[in-house]
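Remarks on the structure that follows.
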């Protein structure tokens, strides 16, 4: 595997905390960080990227995540206020400013995209929504109102993150896989995907579905219970349709009181009817 020209510099400055206080070294460290930030915004670098040789199909670039953290260490609080609103943040992570030539729709109404993110052409940002540093959002995706794309999260092509969807970021530890939503997935409203979960291509998460590393998913179609392992995160299969469900508590007070626990359930796999029901997404882009 080829080593990126920035990797050794980023790893060096990250491993030396005195970088933030030694002004001579700090200038060189900032130069490396800004080069990394530019590469992230161009989509030339990613905190995680597809890798067919990996058990999950994805490889984490820990050194890139180190570079993102380095930017926080090197930054100083700055007045970033604009439009009559007050913003105080690290000067290394101001809000991104897009041009019409970028081909990205950022609809007026309080959205924000932080520096160090990649947002591809034809992405639609509906207000208010937020995309954090290190995230990657690919072509044709819609980030709907009140949706969050967390730091380092990877969002594929033609994904719809519906209103109030929360895609958690995993910046630390640096070797941990971020949340990944692959191409053509539909993430329903008020859905939360956290702790490195991978949602495979074309999967549908019904509104209100919550997925974490500790969440077992019950596949009624294939008769399996999907769980994370010490080596791999929770992985939702390609084309799966996941809905919120429940399972009865069968012992102790829970059984006596008739309680049940939340349990996401795969009720089917995507077919022509499912695709027809999601065709409206294309009309909104």
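Points worth noting:
- Check on residue 64, within 17 Å of the chain's Cα centre (by Cα), buried (at least 21 other Cβ atoms within 10 Å of the Cβ) and closer than 23 Å to residue 25 by Cβ: yes
- Any hit, the range 102-117, residues being outside the structural domain of residue 43 (by TED's automatic domain parsing), assigned to a strand (DSSP E or B) and closer than 24 Å to residue 236 by Cβ: no
Let's see how each residue does on (1) touching a residue at least 12 places away in the same chain (Cβ under 8 Å); (2) under 14 Å from the mean Cα position of the chain (by Cα); (3) crowded, with 22+ Cβ neighbours inside 10 Å:
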site	(1), (2), (3)
148	yes, yes, no
154	yes, yes, yes
163	yes, no, no
171	yes, yes, no
190	yes, no, no
196	yes, yes, yes
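- Sole exception among (1) over 29 Å from residue 22 (Cβ atoms); (2) surrounded by 14 or more Cβ atoms within 10 Å (Cβ to Cβ); (3) modelled with pLDDT under 95 for residue 74, by number: (1)
- Complete set of residues in the range 255-270 that are part of a loop (DSSP other than H, G, I, E, B) and touching a residue at least 12 places away in the same chain (Cβ under 8 Å): 270
- Residue 40 fulfils the conditions (1) touching a strand residue (DSSP E or B) at 6+ places or on another chain (Cβ under 7 Å); (2) under 23 Å from residue 137 (Cα atoms); (3) surrounded by fewer than 19 Cβ atoms within 10 Å (Cβ to Cβ) except for a single criterion, (3).
- Residue list for the range 1-44, restricted to those being assigned to a loop (DSSP other than H, G, I, E, B) and either at pLDDT below 95 or within 19 Å of the chain's Cα centre (by Cα) (or both): 1, 2, 3, 4, 5, 15, 16, 21, 22, 42, 43, 44
The values are calculated or read from the model by the stated rules, or taken from the named source; none is laboratory data. All values reported here derive from a predicted model rather than from experimental measurement. Ideal geometry is used to build each Cβ from the backbone, glycine not excepted, and the neighbour counts take in all protein chains shown.
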